[in-house]
1. All but one of (1) surrounded by fewer than 20 Cβ atoms within 10 Å (Cβ to Cβ); (2) modelled with pLDDT under 95; (3) assigned to a loop (DSSP other than H, G, I, E, B) hold for Ala60; state the number of the condition that does not hold.
2. Identify, please: which residue in the range 116-164 is without any contact (Cβ under 8 Å) to a residue 12 or more places away in the chain and within 14 Å of the ligand (Cβ to nearest atom) and is, among those, least open to solvent (accessible area, probe 1.4 Å)?
3. Please give the number of the condition Glu215 fails out of (1) at pLDDT below 95; (2) open to solvent by less than 50 Å² (accessible area, probe 1.4 Å).
4. Checking the structure you have, find out if any residue of the range 68-82 is touching a residue at least 40 places away in the same chain (Cβ under 8 Å) and touching a Cys at 6+ places or on another chain (Cβ under 9 Å).
5. Which of the strands (runs of 3 or more DSSP E) contained wholly in the range 79-169 include at least 3 residues that are under 29 Å from Ala2 (Cβ atoms)?
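The values are calculated or read from the model by the stated rules, or taken from the named source; none is laboratory data. Owing to the predicted nature of the structure, the values given are computational and were not obtained by experimental measurement. Please note: Cβ atoms are built from the backbone with ideal geometry, for glycine as well, and neighbour counts cover all protein chains shown. Please note that ligands, DNA and RNA were not included when accessible areas were found on the heavy atoms of the full protein model with its side chains. Shrake-Rupley method; radii C 1.70, N 1.55, O 1.52, S 1.80 Å.
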Amino acid sequence: MAKLYFKYGAMGSSKTAQALMTRFNYTQKGYNVLLLKSSVDNRFETAFNPQVVSRIGLSADCIKFSSGENLLNLFTKNNYSKKVDVVIVDECQFASKTQVEQLKQISKDIPVLCYGLLTNFKTELFEGSKRLIELADSIDEVKSVCKCGAKATVNARKINGKVTTSGEEILIGAEESYESMCYWCFTKALENSKPKLVDFKAEIKNKHYNYLERE
Ligand SMILES: [Zn+2]
């Protein structure tokens with residue numbers, strides 16, 4: 001019996017590089033790998049040549065799937081043209097609950113390895129990751145470090161350099177960036193990002209003096 005694997009980690013934990021190295025390993029041994037990624041992740045996107053690209057420079061052609069796509073059908077179609085030996089999914093957190101259930105079905109016959117984030121920028125589980133925790137036969141953590149030295153577990157969203165917990169789960173084309181941190185650095189950064197309370201008394205006093213000066 002094959003297995004459904006879930007390998008999760010924070011951003012920058014080399015999940016994608018590991019997915020690509022695993023693919024390379026299978027390919028070297030003559031296995032046919034079906035490499036999938038969600039079309040929600042549109043980084044490195046070109047219309048004709050979708051790729052999985054890691055931050056350290058590894059890349060490979062892949063097939064992307066949309067949010068409503070039936071992965072069993074996608075698999076069957078590819079398996080028909082050339083027998084698929086293993087499925088690797090990158091950014092699997094963007095798969096829907098139903099799509100993870102379809103991956104589970106595929107894993108009855110061949111290994112399915114899913115790489116992705118566990119939680120979003122609000123420290124809540126992604127839909128796909130939640131279902132993977134429920135259904136995976138094997139769950140592993142790809143560890144990475146916070147700037148303080150502790151393990152990074154939170155994928156903090158930054159807008160104009162400030163950590164925020166507001167906004168949609170997926171921002172497309174927005175000017176946001178992400179930083180992986182431990183929970184305590186995250187809560188501290190969140191606190192520091194809140195607007196400071198204005199000392200109204202001092203402000204009125206200043207305005208008053210300015211007014212008098214101008215007089
Ligand atoms: Zn930290």
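1. With respect to (1) surrounded by fewer than 20 Cβ atoms within 10 Å (Cβ to Cβ); (2) modelled with pLDDT under 95; (3) assigned to a loop (DSSP other than H, G, I, E, B), Ala60 is out only on (3).
2. The initial filter retains those residues of the range 116-164 that are without any contact (Cβ under 8 Å) to a residue 12 or more places away in the chain, namely 124-125, 134, 145, 149, 161.
Of the ones still in play, those that are also within 14 Å of the ligand (Cβ to nearest atom) are 145, 149.
Numbers: Val145: 95, Gly149: 54 Å².
My answer is Gly149.
3. Among (1) at pLDDT below 95; (2) open to solvent by less than 50 Å² (accessible area, probe 1.4 Å), the lone unmet condition for Glu215 is (2).
4. Checked against the condition, which is being touching a residue at least 40 places away in the same chain (Cβ under 8 Å) and touching a Cys at 6+ places or on another chain (Cβ under 9 Å), the range 68-82 yields no hits at all.
5. Numbers: elements: 86-90, 112-116, 138-142, 154-159, 162-164.
The qualifying strands (runs of 3 or more DSSP E) are 86-90, 112-116, 138-142.
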